[in-house]
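Everything on this sheet refers to the single structure shown next.
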Amino acid sequence: MDVLTGEREYFKGIDKIKYEGPESDNPLAFKYYNPEKRVGDKTMQEHLHFAVAYWHSFSSRLADPFGPGTRELPWLQSKDPIQRARDKMDAAFEFMTKMGLKYFCFHDVDLVDEAETIAESERRLQSIVDYAKEKKKESGIELLWGTANLFSHPRYMNGAGTNPVFEVVAHAGAQLKRAIDATIELDGHNYVFWGGREGYMTLLNTQMKKEKDHYAQLLTMARDYARKNGFKGNFFVEPKPMEPMKQLYDTDAATVLQFLREYDLMDDFKLNIEANHATLALHSFEHELQVAADAGMLGSIDANRGDEQNGWDTDQFPTKLNDVTRAMLVILEAGGLQGGGINFDAKLTRNSTDLEDMFHAHIGAMDTFARGLMAADDILRNSSYSKLRKERYATFENEEGKRFVNGSMSLEDLRRIAVKNGEPQQVSGRQEFFENLLNTHIR
Ligand code: XLS
Ligand code: NI
Ligand code: NI
C-alpha cells in the first residue's frame with residue numbers, strides 16, 4: 001500500500017506541494033517556505049517544525065455554535081469505528097505527505113472514537129496506534145505531541161481533573177493513562193495538557209484551592225507514570241483564559257508558571273503558547289511567548305489567530321505577517337522552542353468546504369511563518385534592533401546602575417543619587433521608530 005495514497009486517494013488532483021519561489025502564481029505551491037533553505041544556523045524545516053492538528057483538519061466538519069458542520073469528509077463514511085479511524089489516518093498521512101508536514105498532534109478521541117467501556121476504548125486506541133506505527137514508519141512523519149480530550153464528553157461538564165466528584169477524576173485518570181500510553185508508543189516528542197473544563201462557571205459552587213490541588217495531583221501522577229514508562233519528552237501546559245469554562249485555571253502564561261512553581265512541576269513541564277488564547281487573555285501572542293521564554297519555559301506553540309470582530313477562539317489560520325514576525329523575533333531571541341514546534345491549531349472557516357481549502361490554509365500559514373522567520377532573522381542580524389534595545393538600558397551598565405542591579409544599594413542610596421542628579425533627562429521610547437524598523441524588514 002502506498003503511504004501517499006493509502007487504500008484510496010482522498011486529495012485527488014493535488015500533488016506534493018513544492019517550493020516555487022515568490023514569483024510563482026501557482027496557489028498550490030510554497031512561495032517562501034523552502035524546507036532546506038538555511039536561515040541563520042538552521043534550515044527552515046529545523047526552525048519551524050510544522051505540525052498538523054488532527055482534530056481541526058481531519059475530524060471537524062466545521063460546525064459552529066449556530067449550525068452543524070458544512071463540509072463532507074470522505075474518510076468518515078464507514079459505520080465501523082476502527083475502519084473509520086483507519087480511513088481518517090490514511091487521509092491524514094496522505095495530506096501530511098503531500099504538504100511536506102513532518103509532524104502531527106492528536107487527542108486520543110481524534111484517533112478513534114471512545115467506546116462504551118474503558119477496556120474497549122483501550123482496545124480501540126491500541127489498534128489504531130498499531131496502524132499509526134506502520135504509517136509513521138513508511139512516511140517518516142513523527143508525533144509532535146499527544147493529548148487527552150478531557151473536555152468534550154458530558155461526564156466532564158464540571159471538570160476532569162478538577163471535578164468535585166472523585167469518580168470522574170478517576171475516569172479522567174484512566175483516559176489520561178491511555179493517551180500517555182499512545183503517545184509513548186508512537187515516540188511522541190511531547191505530551192500536552194489543555195484543561196478546557198479545568199476551571200469554573202461560578203465561584204458560588206466552587207472551592208478553587210481544592211480543585212487546583214487536585215489538578216496538580218493528576219499532573220504529578222501523569223508525569224510519574226510517563227517517566228516510569230520511559231517517556232523522555234516534555235510535558236506542556238497550554239494556557240487559555242476562558243472557553244469552554246468561564247474561568248480556566250490555566251489563564252495565561254504567568255498564571256501557569258505560578259501554578260507549576262507552586263506544585264513543583266517546573267522541571268518536567270514547559271508551556272505551549274497559542275496565539276488566539278493569548279489575545280483572549282487580552283495579551284499579545286508575543287507577550288505570552290516572552291513570558292514563557294523569560295522563565296526558560298517556551299516549549300511549543302499552537303499557531304492560529306483570532307478575529308478583531310469576533311471575540312471568541314476562532315482558531316483561524318495565521319496569515320498576519322506583522323504579528324507572526326513579532327512572534328518569531330521572540331522565538332529566535334529565546335534560541336528556539338524547547339522540544340516543540342509550530343502546531344497549526346487552526347480550522348477552516350465554516351464556508352471553506354472544499355478539500356483543497358485545507359491546502360490553501362496550510363500553505364498560507366507555512367509561508368507566513370517562513371516570511372516571519374526570515375524577517376525576524378534579518379532584523380536580529382542586519383538591523384540596529386538589538387543594539388538599540390540594549391542601549392535603552394545602558395544606564396544600568398554604569399557604576400551606580402550596576403550596584404542597583406547587584407542588590408548592593410539601599411533605598412537611601414537611591415534618594416542620595418536622585419538628589420545629586422536632579423530631574424532626569426527625558427529619553428524617548430521611539431515606538432514608531434521600532435514599528436517602522438520591523439516593517440522595513442518584512443519582505
Ligand atoms: C482549544 C485548545 C486545544 C488544545 C489541545 O482551545 O487549543 O485545541 O490545543 O487540547
Ligand atoms: Ni491549542
Ligand atoms: Ni484554542
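The values are calculated or read from the model by the stated rules, or taken from the named source; none is laboratory data. Since the model is a prediction, treat every value here as computed from it, not as a measurement. Here Cβ is always computed from backbone atoms with ideal geometry, including for glycine, and neighbour counts include all displayed protein chains. Protein only, heavy atoms only, side chains kept; ligands, DNA and RNA dropped before computing areas. Shrake-Rupley method; radii C 1.70, N 1.55, O 1.52, S 1.80 Å.
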Between helix 81-99 and the chain: long-axis angle, C-alpha atoms, 0 to 90°, nearest 10: 50 degrees
Angle in degrees between helix 431-440 and the longest Cα principal axis of the chain, rounded to the nearest 10: 50 degrees
Too-long pairs where the Cα-Cα distance tops 24 Å, listed order kept, from Lys31/Lys137; Lys232/Lys347; Lys31/Lys387; Lys240/Lys387; Lys133/Lys232; Lys31/Lys270: Lys31/Lys137; Lys232/Lys347; Lys31/Lys387; Lys240/Lys387; Lys31/Lys270
Gain on full stretching of the segment that runs from Leu204 to Asp307 - 0.36 nm per residue minus C-alpha separation: 33.9 nm
Lys320-Lys390 FRET efficiency (beta carbon distance; Förster radius 30 Å; 0.05 resolution): 0.60
At most 13 other Cβ within 10 Å, DSSP loop - chymotrypsin sites (Phe, Trp or Tyr not before Pro), the range 337-443: Tyr393
Lys79-Thr220 FRET efficiency (beta carbon distance; Förster radius 35 Å; 0.05 resolution): 0.30
Vicinal HN-Hα couplings computed from phi for the range 274-285 (Karplus, 6.51 cos²θ - 1.76 cosθ + 1.60; Hz; Gly/Pro x): 10, 4, 5, 6, 4, 6, 4, 7, 6, 10, 8, 4
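Please arrange Met96, Met201 by accessible surface area, largest first, computed with a 1.4 Å probe and ligands excluded.
These residues rank, largest area first, as Met201, Met96.
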Area accessible to solvent at Tyr225, 1.4 Å probe radius, in Å²: 50 Å²
Whole-Hz couplings from phi, Karplus 6.51/-1.76/1.60, listed for the range 412-418; x for Gly and Pro: 5, 4, 4, 4, 4, 5, 4
In the range 67-148, trypsin sites (Lys or Arg not before Pro) in a DSSP loop with at most 13 other beta-carbon atoms within 10 Å: Lys79
Cα-based helix-to-principal-axis angle, 356-382 vs the chain, degrees rounded to 10: 20 degrees
Solvent accessible area, Å² - Trp312, 1.4 Å probe, full protein context: 110 Å²
Contour minus Cα-Cα distance for Glu7 and Arg61 (0.36 nm per residue): 17.2 nm
Hypothetical label at Thr117: residues of the range 62-101 whose amide nitrogen lies under 20 Å (7 Å Cα-Cβ projection): 81-82
